[in-house]
Amino acid sequence: MSTAIVTGSPPVGSSLEDDLRSLGFGVRVAADATAVTTELAAVPAGERVALVDARFVGHVHALRLALTDPRFPAAAVEGALTAQPEARGALTHAVGRALPEDGPEAGLPDALAHRLEADGVALHRPDLGVLVATVPADADIRAKAEADVLAVDDEAVRLRSAVKSRDGFFTTFCISPYSRYLARWCARRGLTPNQVTTASLLTALVAAGCAATGTRPGFVAAGVLLLFSFVLDCTDGQLARYSLQYSTLGAWLDATFDRAKEYAYYAGLAVGAARGGTDDVWALALGAMVLQTCRHVVDFSFNEANHDAAANTSPTAALSDRLDSVGWTVWARRMIVLPIGERWAMIAVLTALTTPRVVFYALLVGCALAACYTTAGRVLRSLTRKAKRTDRAARALADLADSGPLAELASRTLGRTMAAGTYSAPYWALLATAALFVWPLVADTVGAWRAVPQAVVYAILAGVAVAHPLKGPLDWLVPPVFRAAEYGMILALAATSGVPGALPAAFGLVAAVAYHHYDTVYRIRGGTGAPPHWLVRAIGGHEGRILAVSIAAALWHNQGFTIALTVLAAAIALTVLIESIRFWVSSGAPAVHDESGEPA
């Protein structure tokens, strides 16, 4: 429940009180300064409260943006102010010091807004664009403001603003022109973004089940359902923006379900390929998941490294800005990175028309080219910009590195000495990865006991890589290199083992670990820090998991390796999911939704 206090006497014919009730507010009227103080004190401390000037003229959607957005403790537009429970204390403190001498009709909400800002309260002021929100001083100005309100259709503005301002080509031109109306339809029927998100997940899982049949009708149905799942995926965010239904749980569901849908669909294609014939594409499915996840880690690490960097400019960034001024290059550059819209459209069409093997070949080639393009550009930016990385950025990169007990021990005992030279953290991370892959391939030790010491060497070198704060220009490469090493090693050991079922079990293991890494990213984005240290230690860190899988591959050369991978995957998934669900459901983490338009 929310309460709106209208200050002063509303003009004859004003619809302000009805507008506030349509937004879910209970309305009280305070005729003078004393009444404002009394009414404010009568509102329960756990409720949102709004103060609105009785002379307010504006669009209903302007009031909605100012007074109902759950992401901001306090917000205001001209003539209206709101405070959620966490900002009620500051509002109450400000009331007695901000009352105009000639009563509330002189503009109490605006006076209080200025007082809150002077007291250091972060007051959100939404960008209204063409929407009107004003307090007219006389009848003539009021008449003009009312005419301006009639001249702009706030429902059309509301629909347009429900769509991200920056998105991929396919999403912008093929999905959003229609999905915004589906979002409005859902809002008018009381559906929530979380319900639409869940429907999108269920649709994608049904699509994966259709793909798993291995039949042509099943593949066609899978492609159609995958596209519809993406329509719902766009709709949930548009519904959240249309109705301002943001939540912590919703942000988490939206972020994690996209990965769950895509990777479940990969598994469905792999099962379908096996059932439809003798084609085993599990290695391709796992390779596609590894490549896609590593692409995301590159995005996350680069963004966190430069989140609050000073002097964050470079000639490469300047060139990028100039290219963005040329219309066609904007869409070409957004498409070349194969964002989620283009990627899912390609998967859906190829599923319906070709075979799972062709789908995965196209995915691997497309994602590899996109990864090379984005990584090369970010390396150039990092080398040419003069930016000072902050302690926060270094901490975020260390958390994304996901180092376990072995790497921590190596960092404390050997890291300071071995990393004291001129070599940077990415060098040690790449050297650690070379110890895993180059030496075993040359010496033919994959899956043998001789590979276990190589995993130990990897753990030591990985610890050296993070022995110092990750503040170098390319230190954001460390987490993606570690992800590529861990996921790639699991893929290599499963693929070369020759054990039946090893690759599907490895797929499950990588999926469980990848969830942990995505969960880490979204916690950092929300400003709540990485998962608790005990969780990282409990699941071994990236180097501990590599050592565990290497030992399992050496111990069991038969079906036991599949069982070991399955047990490890189940244990990690159970541990991570329990802690993750507990955190996102019960924590006070902010509702951080993706509004950047960055490809997913």
Report, ordered by the first and then the second residue, all pairs with beta carbons closer than 6 Å, sequence separation of six or more or different chains, a first member in segment 546-564 that is over 15 Å from Leu509 (Cβ atoms), and a second member that is in a helix (DSSP H, G or I). Ala554/Val452
Kindly provide the set of residues from segment 524-552 that are in a helix (DSSP H, G or I), modelled with pLDDT of 90 or more and among the hydrophobic types (A, V, I, L, M, F, W, C), ordered by number. Trp534, Leu535, Val536, Ala538, Ile546, Leu547, Ala548, Val549, Ile551, Ala552
Result of the Cβ filter at 6 Å on segment 225-239, keeping first residues that are closer than 16 Å to Leu205 by Cβ and in a helix (DSSP H, G or I) and partners that are among the aliphatic types (A, V, I, L, M) and open to solvent by 20 Å² or more (accessible area, probe 1.4 Å), at least 6 apart or interchain, is Leu225/Val206; Leu232/Ala199
Starting from residues that are within 18 Å of Gly276 (Cα to Cα) and aliphatic (A, V, I, L, M), keep the ones in segment 349-363 and report whichever is most open to solvent (accessible area, probe 1.4 Å). Leu353
Have a look at Thr384, Thr351, Thr390 and point out the one that is modelled with pLDDT under 95 and in contact with a helix residue (DSSP H, G or I) (Cβ under 7 Å, 6 or more places away or on another chain). Thr384
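Residue-by-condition table, conditions (1) surrounded by fewer than 18 Cβ atoms within 10 Å (Cβ to Cβ); (2) among the basic types (Lys, Arg):
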{"position": "Pro11", "(1), (2)": "yes, no"}
{"position": "Glu17", "(1), (2)": "yes, no"}
{"position": "Gly24", "(1), (2)": "yes, no"}
{"position": "Arg28", "(1), (2)": "no, yes"}
{"position": "Ala31", "(1), (2)": "yes, no"}
{"position": "Val49", "(1), (2)": "no, no"}
{"position": "Ala54", "(1), (2)": "no, no"}
Is it true that Ala571 is open to solvent by 30 Å² or more (accessible area, probe 1.4 Å) and assigned to a helix (DSSP H, G or I)? yes
Identify the residue in segment 252-273 that is small (Gly, Ala, Ser) and under 18 Å from Val521 (Cα atoms) and, among all such residues, is most open to solvent (accessible area, probe 1.4 Å). Ala260
In segment 463-487, the residues that are at pLDDT 95 or above and either under 20 Å from Ile539 (Cα atoms) or of a type in the set (Lys, Arg) (or both): Val478, Pro479, Pro480, Val481, Phe482, Arg483, Ala484, Ala485, Glu486, Tyr487
Among the candidates Gly237, Gly276, residue that is surrounded by 20 or more Cβ atoms within 10 Å (Cβ to Cβ), at pLDDT below 95 and in contact with a helix residue (DSSP H, G or I) (Cβ under 9 Å, 6 or more places away or on another chain): Gly237
Would you check if there is a residue in segment 284-303 being open to solvent by 20 Å² or more (accessible area, probe 1.4 Å), among the aliphatic types (A, V, I, L, M) and out of contact with any Cys (no Cβ under 6 Å at 6 or more places or on another chain)? yes
Six or more apart or on different chains, Cβ atoms under 6 Å: show the pairs whose first residue is in segment 367-392 and over 15 Å from Gln292 (Cβ atoms) and open to solvent by 60 Å² or more (accessible area, probe 1.4 Å) and whose second is assigned to a helix (DSSP H, G or I) and hydrophobic (A, V, I, L, M, F, W, C). Arg381/Ala317
Across segment 271-303, the tally of residues that are outside any loop (DSSP other than H, G, I, E, B) and closer than 21 Å to Thr355 by Cα stands at 16
Can you tell me which residue within segment 186-209, out of those that are over 20 Å from Trp252 (Cβ atoms) and either β-branched (Val, Ile, Thr) or out of contact with any Ser or Thr (no Cβ under 9 Å at 6 or more places or on another chain) (or both), is surrounded by the most Cβ atoms within 10 Å (Cβ to Cβ)? Ala208
(1) at pLDDT 80 or above; (2) among the small types (Gly, Ala, Ser); (3) in a helix (DSSP H, G or I): which one isn't true of Ser403, the others all being true? (3)
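The values are calculated or read from the model by the stated rules, or taken from the named source; none is laboratory data. Only a predicted model underlies this, so the values are computations on that prediction, with no experimental measurement involved. Here the Cβ is made from the backbone with ideal geometry for all residues, glycine too, and neighbour counts use every protein chain on show. Note: accessible area is taken over every heavy atom of the protein model, side chains too, but ligands, DNA and RNA are not part of it. Shrake-Rupley method; radii C 1.70, N 1.55, O 1.52, S 1.80 Å.
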